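Asker: Sharing a structure, written as structure tokens. Questions coming.
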Amino acid sequence: MVERDAGTTEGKAGITRRRFTLGVLVASLLGAAGSVLTLLKVLSPEKQGGGYVTTIRPGDRLVYARGGETGVTVRASSMKVGDAVLVYPSSKASNPANLVQLIRLKETDLKPPTNIGLTDQGFVAYSAICTHLGCTVSWVENQKSPDASYTECFCHNSIFDPARGAKVMGGPAPIPLAQIGVKVTGEGALIFTSDFTGPIGPQV
């Protein structure tokens, strides 16, 4: 009886150890799978941009997004070199992912990695949503030297160079603002000519 009880106890202990080992193995596999899924979510294009999905389409007219002219078509003649405004595509202002900063620089000031093919007459446009935590960026104009003006997010002081593909010049933003194509029409209005060239919204 004693030996049978000992054997039974030993058998139960063996089963318990096997169950424990199996449980640890399953937990490890589930943890690894969770890590892989998290990585895939980060790398997946549809997840980039913190859920921001634009509805801008080529041909959409640019309209002012702020101030007394909100909703009015932006015209090339209304902006001089060194100016910048926030714009939306016409009739699509309800989507915050569509907010764009339109800037006019000297054509000769635009340098790589700016996609020159997406600019026209010195007009260049980028997502106005900071790639750090999603605040709206602002234009810091240098009136004495327009080519020294820059885009800044005042929430956490990320700074972007609009003449060079909105690359990050300082601050916590991990990537540049995504560029989007613009063109001046024969009537002097501005229209979008492409989608964004990269992810928009927070990338952290």
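Asker: Could you grab me the full set of residues in the stretch 163-188 that are charged (D, E, K, R) and within 20 Å of residue 140 (Cβ to Cβ)?
Answerer: Those that are charged (D, E, K, R) and within 20 Å of residue 140 (Cβ to Cβ): 164, 167.
Asker: Quickly run through the stretch 151-166 and pick out the residues that are farther than 16 Å from residue 81 by Cα and small (Gly, Ala, Ser).
Answerer: 158, 165, 166
Asker: Enumerate the strands (runs of 3 or more DSSP E) found wholly within the stretch 95-200, keeping only those where 1 or more residues are closer than 16 Å to residue 79 by Cβ, touching a Gly at 6+ places or on another chain (Cβ under 8 Å) and in the same structural domain as residue 81 (by TED's automatic domain parsing).
Answerer: Per the criteria, 100-104, 123-127, 190-196.
Asker: Just to be sure before I move on: is residue 114 farther than 25 Å from residue 69 by Cβ, surrounded by 15 or more Cβ atoms within 10 Å (Cβ to Cβ) and hydroxyl-bearing (Ser, Thr, Tyr) in the structure I sent?
Answerer: yes
Asker: Here is a follow-up. Since residue 53 meets every condition but one in (1) modelled with pLDDT of 95 or more; (2) not assigned by TED's automatic domain parsing to the domain that holds residue 186, which condition does it not meet?
Answerer: Against the list (1) modelled with pLDDT of 95 or more; (2) not assigned by TED's automatic domain parsing to the domain that holds residue 186, residue 53 comes up short only on (1).
Asker: Could you pull out the residue among 181, 134, 201 that is in contact (Cβ under 8 Å) with a residue 40 or more places away in the chain, crowded, with 19+ Cβ neighbours inside 10 Å, over 24 Å from residue 59 (Cα atoms) and not polar (S, T, N, Q)?
Answerer: 134
Asker: Suppose the filter is on the phi > 0 side of the Ramachandran plot and of a type outside the set (Lys, Arg); does residue 82 pass it?
Answerer: Spelling it out, residue 82 is indeed on the phi > 0 side of the Ramachandran plot and of a type outside the set (Lys, Arg).
Asker: Also, I was wondering about something else. Every residue in the stretch 91-131 that is of a type in the set (Phe, Trp, Tyr) and in contact (Cβ under 8 Å) with a residue 60 or more places away in the chain, please.
Answerer: Listed by number, the list holds a single entry, 123.
The values are calculated or read from the model by the stated rules, or taken from the named source; none is laboratory data. Bear in mind the structure is a predicted one, so any value in this text is a computation, not a measurement. We place every Cβ from the backbone using ideal geometry, glycine too, and count neighbours over all the protein chains shown.
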